[in-house]
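Below is one structure; the comments refer to it alone.
The values are calculated or read from the model by the stated rules, or taken from the named source; none is laboratory data. Only a predicted model underlies this, so the values are computations on that prediction, with no experimental measurement involved. As a convention, Cβ positions derive from the backbone with ideal geometry for all residues, glycine included, and neighbour counts pool all protein chains shown.
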Amino acid sequence: RLLFRDAGGNLTGKSWQAHGIGYDRRIPAKGMDREVYRIPLPGKGDYQVTSRLMYRSMTQNSLDMITERTGEVLPPVVSVEMAAARTNVKF
């Protein structure tokens, strides 16, 4: 995820308001990232965990704003699954 800083120093996803980069969590080609999630479980037992790496070029909200400004009807933003992994966990 990439967020920009606008003229007031506020974070924004709107590249046309960017005066600099404020937050960058993009994963480069052949790169990697790690994230830890703690998910409360309802009780002991067997669980299946699925992780998916999804990509989309922009948010639907950004595309909708372009449509509002230009009047051009654009196709919806599509999310693409880049990778997935699944494992079973006993808790």
Checklist outcome for this item: Those residues of segment 2-25 which are surrounded by fewer than 10 Cβ atoms within 10 Å (Cβ to Cβ) and touching a strand residue (DSSP E or B) at 6+ places or on another chain (Cβ under 7 Å) amount to GLY20, ASP24
Checklist entry - Just a yes or no: is a residue in segment 68-82 assigned to a strand (DSSP E or B) and of a type in the set (A, V, I, L, M, F, W, C)? => result yes
Next on the checklist: Quick check on THR59: is it of a type in the set (S, T, N, Q) and free of Cβ contacts under 8 Å to residues at least 12 places away in the same chain?
Outcome noted: no
Item to check | Pairs, first under 15 Å from ARG25 (Cβ atoms) in segment 1-12, second among the acidic types (Asp, Glu), C-beta under 6 Å, six or more apart | outcome: LEU2/ASP24
Checklist entry - Can we say GLN48 is surrounded by fewer than 10 Cβ atoms within 10 Å (Cβ to Cβ) and polar (S, T, N, Q)? => result yes
Item to check | Pair list, Cβ under 6 Å, 6 or more apart: segment 78-91 residue farther than 14 Å from LEU53 by Cα, other residue of a type outside the set (Val, Ile, Thr) | outcome: ASN88/GLN48; VAL89/TYR47; LYS90/ASP46; PHE91/LEU41; PHE91/LYS44
Checklist entry - Here are some residues: LYS30, LYS44. Which one is of a type in the set (Lys, Arg), at positive phi and part of a loop (DSSP other than H, G, I, E, B)? => result LYS30
Next on the checklist: Being over 30 Å from PHE91 (Cβ atoms), under 18 Å from the mean Cα position of the chain (by Cα) and not assigned by TED's automatic domain parsing to the domain that holds ALA84 is the requirement here; does ARG26 meet it?
Outcome noted: yes
Next on the checklist: Anything in segment 47-67 that is under 19 Å from the mean Cα position of the chain (by Cα) and outside any helix (DSSP H, G or I)? List them, or say none.
Outcome noted: THR50, SER51, ARG52, LEU53, MET54, TYR55, ARG56, SER57, MET58, THR59
Checklist entry - Taking segment 2-27 only, how many residues are assigned to a loop (DSSP other than H, G, I, E, B) and touching an Asp or Glu at 6+ places or on another chain (Cβ under 8 Å)? => result 5
